[in-house]
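In what follows, a structure is listed as structure tokens, so that the remarks can point back to it.
The values are calculated or read from the model by the stated rules, or taken from the named source; none is laboratory data. Keep in mind that what you see is a predicted model, and the values were worked out from it rather than measured. In this analysis, Cβ positions are derived from the backbone assuming ideal geometry, glycine residues included, and neighbour counts consider all displayed protein chains.
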Amino acid sequence: MFDGLKVWKLSNALKNQAANQEAYSAVLELGRLGTPKAIQLLIDSLSRRDGVARSAARELGRLGDARAIKPLAALLSDPEVSQSAAEALAKLGAVDALVEALKSDEPAVRKLATASLGAMGDPRAVEPLVQVLQADGEYAVRTAAATALGQLKDRRAIWVLVGTLKLRDETTPEAQTALEQLRQAATLAMRKIGDPFAGNPEQAPPEKSAEEAESPEVHPRLAGDLKDLADSALISILKELMTASEELSWANLERREPLLPAYFRSYDQRRKTAELIGAEIQRRGGLPLMKKILEQDLAGCVAISNWWAGIGAA
């Protein structure tokens, strides 16, 4: 009975269409209550389409009640509350609703739904996002799809991302700029997904060739004492390693021999390089420094993250 009375008072606070402190406080209190009646009041508050509605959307996402999915999805086209609605749908795991939003006539809605699907990390989103990347008529939406696929880190997306890099140049400066942004997003996504052949035993020869046997095991700059190298030098070598992985992917796609330096030709050489540098970075700054470099300098490269896992990388 006490909760019923409280909900009634909170309902009265929300009847005032002014986005005042009392209305915001009512939304937060309804979120704390989390009862069916409280949730319904939060859903009803979405129709305000103001700051109070944005706050209600966030509470609904946190509470996780599926009844909120449909009304939240209806707000994706409203610029006042679309971002909060999309974030709430992601928290609710509303893959189907967001995939349906990819069919919207409004590019802003498709872009928002695409970004939310990437943030969710649900593998069910891969195929719909691949279709967006291939077929959407707006470069901004396709760029968002490339970014989302990089977040999902699913190797099923690698070849459509590669294909995106081979798109023809555009005829106007504006369209060319948009295309370059798409290419950059696709390249970054490929780095996050990693080398699709790195863990495939069929791609690695059973034993070293004579040329490989004579080649250096690691990058020549790592032959001395790693303590003498600055952080920037170590990061530079890791970026060379990422470029080598990209070249390997391209070479396999184009059915040619990869153009790799001798010290990066085998998987073991690339792994050893990453592990040596990772161990030195950990010695200098522990896991926080490793994480900082991985995220800020190496774009979250999955291959290097995997190689660093054995030395405690996040």
### Task
Looking only at the stretch 255-314, count how many residues are at pLDDT 90 or above and in a loop (DSSP other than H, G, I, E, B).
1
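Each row is one residue, and each column tells you yes or no for (1) outside the structural domain of LEU89 (by TED's automatic domain parsing); (2) at pLDDT below 90; (3) in a helix (DSSP H, G or I).
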{"site": "TRP8", "(1), (2), (3)": "no, yes, yes"}
{"site": "ALA18", "(1), (2), (3)": "no, yes, no"}
{"site": "ALA26", "(1), (2), (3)": "no, yes, yes"}
{"site": "ILE39", "(1), (2), (3)": "no, no, yes"}
{"site": "SER45", "(1), (2), (3)": "no, no, yes"}
{"site": "ALA56", "(1), (2), (3)": "no, no, yes"}
#### Entry: In the stretch 205-230, the residues that are at pLDDT 90 or above, in a helix (DSSP H, G or I) and loosely packed, with under 15 Cβ neighbours inside 10 Å
LYS227, ASP228
### Query
What number of residues in the stretch 147-173 are under 21 Å from LEU117 (Cα atoms), free of Cβ contacts under 8 Å to residues at least 40 places away in the same chain and either of a type in the set (Val, Ile, Thr) or touching a Ser or Thr at 6+ places or on another chain (Cβ under 7 Å) (or both)?
3
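Working only within the stretch 94-150, note down all residues that are among the β-branched types (Val, Ile, Thr) and either touching a Phe, Trp or Tyr at 6+ places or on another chain (Cβ under 8 Å) or within 25 Å of ARG191 (Cβ to Cβ) (or both).
The initial filter retains those residues of the stretch 94-150 that are among the β-branched types (Val, Ile, Thr), namely 95, 99, 109, 114, 126, 130, 132, 141, 143, 147.
Scanning the stretch 94-150 gives THR114, VAL126, VAL130, VAL132, VAL141, THR143, THR147.
Are any residues in the stretch 262-274 in contact with a helix residue (DSSP H, G or I) (Cβ under 7 Å, 6 or more places away or on another chain) and either surrounded by fewer than 17 Cβ atoms within 10 Å (Cβ to Cβ) or farther than 22 Å from GLY300 by Cβ (or both), and if so, which ones? Break it down into steps so the answer makes sense when it comes.
To start, the set of residues in the stretch 262-274 that are in contact with a helix residue (DSSP H, G or I) (Cβ under 7 Å, 6 or more places away or on another chain) comprises 263-266, 269-271, 273-274.
Correct list: TYR263, ARG265, SER266, GLN269.
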### Matching residues in the stretch 151-160 - criterion: being assigned to a helix (DSSP H, G or I) and either crowded, with 24+ Cβ neighbours inside 10 Å or within 9 Å of the chain's Cα centre (by Cα) (or both)
GLN151, LEU152, ALA157
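Quick check: is even one residue across the stretch 24-35 of a type in the set (S, T, N, Q) and closer than 17 Å to ALA85 by Cβ?
Narrowing the stretch 24-35 to residues of a type in the set (S, T, N, Q): 25, 35.
Checking which are closer than 17 Å to ALA85 by Cβ leaves us with none.
For the stretch 24-35, residues of a type in the set (S, T, N, Q) and closer than 17 Å to ALA85 by Cβ: absent.
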### Query
If you check every pair at least six apart or on different chains, which have Cβ atoms under 6 Å apart with a residue in the stretch 116-130 that is within 9 Å of LEU149 (Cα to Cα) first and a residue that is modelled with pLDDT under 95 and surrounded by fewer than 17 Cβ atoms within 10 Å (Cβ to Cβ) second?
VAL126/ARG156
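Within the stretch 132-155, work out how many residues are over 20 Å from ALA299 (Cβ atoms) and in contact with a helix residue (DSSP H, G or I) (Cβ under 7 Å, 6 or more places away or on another chain).
First, the residues of the stretch 132-155 that are over 20 Å from ALA299 (Cβ atoms): 132, 134-141.
When the remaining residues are screened for being in contact with a helix residue (DSSP H, G or I) (Cβ under 7 Å, 6 or more places away or on another chain), the result is 132, 134, 136, 138-141.
Qualifying residue count for the region: 7.
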#### Entry: Residue list for the stretch 102-123, filter: of a type outside the set (Val, Ile, Thr), within 30 Å of ILE304 (Cβ to Cβ) and in contact with a Leu (Cβ under 9 Å, 6 or more places away or on another chain)
SER116, LEU117, GLY118, MET120, GLY121, ASP122, PRO123
### Task
Six or more apart or on different chains, Cβ under 6 Å: which pairs go from a residue in the stretch 247-270 that's over 19 Å from ARG191 (Cα atoms) and not assigned by TED's automatic domain parsing to the domain that holds ALA186 to one that's in a helix (DSSP H, G or I) and of a type outside the set (Val, Ile, Thr)? Could you list them?
TYR263/GLN269
